[in-house]
1. Any chance you could count how many residues in segment B:353-377 are among the hydrophobic types (A, V, I, L, M, F, W, C), more than 14 Å from A:Leu58 (Cβ to Cβ) and out of contact with any helix residue (DSSP H, G or I) (no Cβ under 8 Å at 6 or more places or on another chain)?
2. Out of A:Phe243, A:Phe224, which single residue is touching a residue at least 24 places away in the same chain (Cβ under 8 Å), surrounded by 12 or more Cβ atoms within 10 Å (Cβ to Cβ) and more than 23 Å from A:Phe3 (Cβ to Cβ)?
3. Taking into account only those residues within segment A:72-98 that are at the interface with chain B (Cβ under 7 Å from one of its Cβ atoms) and part of a strand (DSSP E or B), which is surrounded by the fewest Cβ atoms within 10 Å (Cβ to Cβ)?
4. Report yes if A:Arg206 is under 28 Å from the mean Cα position of the chain (by Cα), open to solvent by 20 Å² or more (accessible area, probe 1.4 Å) and touching a residue at least 40 places away in the same chain (Cβ under 8 Å), otherwise no.
5. In the set B:Val252, B:Val282, which member is assigned by TED's automatic domain parsing to the domain that holds B:Gly61, crowded, with 24+ Cβ neighbours inside 10 Å and more than 18 Å from the chain's Cα centre (by Cα)?
6. Can you name the residue in segment B:88-139 that is open to solvent by 40 Å² or more (accessible area, probe 1.4 Å) and among the hydrophobic types (A, V, I, L, M, F, W, C) and is also farthest from B:Ser56 (Cα to Cα) among such residues?
7. Here are B:Ala376, B:Ala384: which of them is surrounded by fewer than 17 Cβ atoms within 10 Å (Cβ to Cβ) and at negative phi?
8. Check B:Ala200, B:Ala196 and return the single one that is among the aliphatic types (A, V, I, L, M), in contact with a Gly (Cβ under 6 Å, 6 or more places away or on another chain) and either within 27 Å of B:Ala115 (Cβ to Cβ) or open to solvent by less than 10 Å² (accessible area, probe 1.4 Å) (or both).
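The values are calculated or read from the model by the stated rules, or taken from the named source; none is laboratory data. Note that the structure is a prediction, hence the values are computed from the model and not measured. Here Cβ is always computed from backbone atoms with ideal geometry, including for glycine, and neighbour counts include all displayed protein chains. The protein model used for the area step is the full one, side chains on, heavy atoms only, and it has no ligands, DNA or RNA in it. Shrake-Rupley method; radii C 1.70, N 1.55, O 1.52, S 1.80 Å.
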Amino acid sequence: MTFFTVCHPAVTALYVLLLSLTVSVAFHPLLSLLSFCGGALFYTLCGGKKRMHVYACLFIAAMTLLNPLFSRKGTTVLLVLNGNPVTAESLFFGAFSAVTVLAVLYWVSAFGRFLTSDRLLYLFGAVSPKAGLVFSIALRYLPLLGRRAAAVREAAKANGLYGDGNWIDRFRSEVQVFSAVTTYALEKGVLTADSMEARGIGVGRRTSYTPFRFRRADGALLAFVLVAAAVPLTLSFTGGIAFTFYPVLTTPADGLAVWGAVLTYGALCAAPAILYGREELKWKRLRSAA
Amino acid sequence: MKKTLSLLLVCLLFLSYNLTGAAAVDGESTVGGVQGVADEILAFETRGQDVQTWLSTGEVGSGYLFALAHGEYDLSACVDAVAARLAKGDGSAASRRKDALLLLACGFDNPICDAVLDENADAQGIMGEIFSLHLLNNGRRAASFTQAELTDRLLDRRLSDGGWALAGEHADVDVTAMVLQALAPQVGENPAVTAACDAAVSLLGTRQNPNGGFSGFGGENPESTAQVMIALSSLGVDCLTDARFVKDGKTVMDGLALYRLADGTFCHEAGGAYNATATEQVFAACESVLLAAQGKRLYVFDDSDLRVLPMDLAPASTETATETTTETAPDGARRALSLKAVLLIAAGVLTAAAVVFLLVTKRRGWKHFLALGLVAAAVFGFLAFSHIDTPADYFGVSPAAKENAVGTVTISVRCDTVAGQSPAAPADGVIFAPQQFDVAEGETVFDLLTEASRRGGFAVASRGVGGGTTYVTGINGLDEFAFGELSGWMYTVNGVSVDVACDRCTLHDGDVVVWAYTRSIGADLTEVSA
C-alpha cells in the first residue's frame, strides 16, 4: 500500500500529465535534467526494470552523436565532417532532446503501474463511457492475444507441428499460429458481443460504481501539483525561461524566473519519490518494531 | 468607327514591332553596324554620362579598359583597383598576368609587369601562358623563359583537331580563340605559328553555328562569339565577309543579335536578362573589329607614353607563400588523418567493450553479435569514407592557384536583412566581403561558396548529395527558418536570382555571386541592395 495506490486516479493522472507537459513546453535543459533524474529515481523505486537505464544511456549517446549529422545548426564548430559543420550546439540539443523524451517515458511508465485499467476506465468513463469501454477492452485484448499466441505455439510444438529448424520453417509455423490466433480473436469477439448483449448492455442508462474516494490527502496533493506546475508553465508561456539552442546556447536573462521554475518543478519531480520513500520507511519501521 | 480605329492601332503596333525586329537582325554585318552595337553598349554603361567621366569613377570592367585603352581617354582612375590586386599577391597565375596587362592598358608601367611573368612560370596553366604571351607581345620580358619558348609551349598544347582546350581531347571555341589572340602578333613572322593559326581559324569556321554564333561551355552564348571575333580581328581575318565565317548569309553579328536586348545590352542565354560579362565581352569584340580596320590589335597597346606607377607592387614574396602552402598541406593532411584515426580507435574500443559486455553477461547468442557487427560496420564504414577535419585545418586555408582556371569570379555573403539581430548575423551585415576567386571550368556557385567558407572561416551547412540536390541551409550559423518560415539563404549571379540548385549553376569569368539572407523568400533583398 503506497501513496499512489490509494491516491485518487484523477490526481495521479493530472500529476503525470503536468509533469510531462511542463517539460515538453518549457524546453529548458535544466528542467529536463531535473525531470529525467526524478523520473528515473521514481521508476527505480517503483520496481522498474534496471535494463531500462541501460537503454536510456544508449539512447542518449545515440541521439547526441546522430543529431549533428542531421542538424547542421549552431556556431561553435567542433569538427568539419564532409564539408558540413558538427557543432557543440547540435550535440547539446541531441542530448537534451533524448533526456526530455526519456524523462516523459520514465514518468509515464512509473505512473502507469498506478493507473491500472480499472482506473483508466473510471477516468475515461466520466468523459465518454463508450470510449472508456472500448479503451479498456483494447487494453485487455492486446496482452490476451499475445498470451493466446504463446499457448497456440506451445500446443503446436507439443504436437510436433512447429518447425523451427531455420527461419523459413519458423516463418511458416508463425503464419499458422497467426492464422489460429486471428480465428480465435474473431470468434471471441462475436462471443463477447453476444455475452454483453445477453447481460443487457445498451439497455437503458448505465450506472457506474466508483470505488475511489477523494480524500483530504488527495486534495492537498492536487493543490500542490497545480501550484508547483503553474509556476514553470506560466513562466514558459510568457517566455521568461525561454532557452535558445541555436545559433548559440543562451540562457534567459531573467535568472530569478529560471530559479523559480527550477525550484517549483524540482519539488514536483521530487515529490513522488519522497512520498514513496516515506511509505517505505514507515513500512520498514513497522516491521522492525514488530 | 471604334472598331476600325482599334484595328488600325493593332496594325500600327504590329508594323512597328516588325520594323524594330527586322532592324535588330539585319543591317549590322557592316562596320557601321558593329560601331552601332558598341556605341549603344557604351551609352548604356555610362548611363548618359561622358565616357571620360565614367572612366574617372574607376569602376570599369577589364573588357572596357582593354578596348578604350586605344582611344584618347585617361584611364588612370581605374588603375588603383588593379594595382591593389597586384600588390595583394593572391589570385591565379592567369588573373595576375591579366592584371599586369590591365596596368599597361591603363597607361602605366611598373617592374611587376615583368616580375609577374616569373611567378609560377612552370605551372601557370594554359590561361596563364596566354596572358604571359600578351605581356611579351607588349614588350615585357621574363627572366625564366623567352617568347619563342612560350610560343612552343602553347603550340605543344595543341590538340589533334588543331584547337586548344583546358582539358579533354576536343578543341574548345573560347580557349582556341584566346590562344589565337595571343599568337596573332607572330603570324607571318613565325611559320609554325602561321600554320597553326590557319588551321585553327579553319577549325573555328567549322564550329560556327548556322545562325552565325558560336557555342562554348555547354551551349551557345555571346561570350564565345565575342572571343572568336577578337581572335579573327587580331589575325586580320574579316569576320564579316570571310567565306569561312558566313553561314547561309549569317555572320557573327547575326549570331550576336539573338542575344541583344532592347536597350542594346546583351544577355548570356537566349531570352535572359542583362548580363554584365556578356555585354562587356561583346563591346570588346566590336571594338577589336573596329581596331583591326585601323591596323591595331585589342591586346597590343601603344607604349609610347607609359607612365611609371610610383608604387612598390611586389607582392609579399611569392616564394615563401608557395613554400608555406607546400609545408602546411601535408601537415594538415596528417592531422586530419590522426583525428580520423582517433575516432576510428574510439569506435574500436567501444566495439570491444560491447563484445566483452556480451560475453560477461552471458549473452552469447549469435544474434547479439550479428547486431553488434552490423552497427560497428556501419560506424566504421561511415568514418572511413568521411572527410573529417578539425576547424583549424579546414578554415583559413586559401585554395591554391588553379592550373585550369578559366577566369575569376567575385563572391560575397551578406545578411543585411537581419544584421545584428542574431549572434550569427554581424551588425554590418557582411559575413564575407567581396573577394575574387579563380574559377575552373564546370565549377559551380556551391564550389565557390565552399572555397569562400574555407578562406573566410565561416561554416556552410548544406543538405543534399550533389548533382543539383545541394541546398544551403545555413551560413555562419545563421540558419534557414531562424527568422520565420520564409527565411533562408538565396544567391544571385550578376544580380539575377538563379532558379537552379547552387551546385548546378556553373560559373563564368567575371561573374559576381552574392549570397544574401532573406526573411521573405527574396522579396526583401532588392530593397536592401537598392
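1. 7
2. It is A:Phe243.
3. The qualifying residue surrounded by the fewest Cβ atoms within 10 Å (Cβ to Cβ) is A:Leu79.
4. no
5. B:Val252
6. By that ranking, first place goes to B:Ala123.
7. Sole residue among the options that is surrounded by fewer than 17 Cβ atoms within 10 Å (Cβ to Cβ) and at negative phi: B:Ala384.
8. B:Ala200
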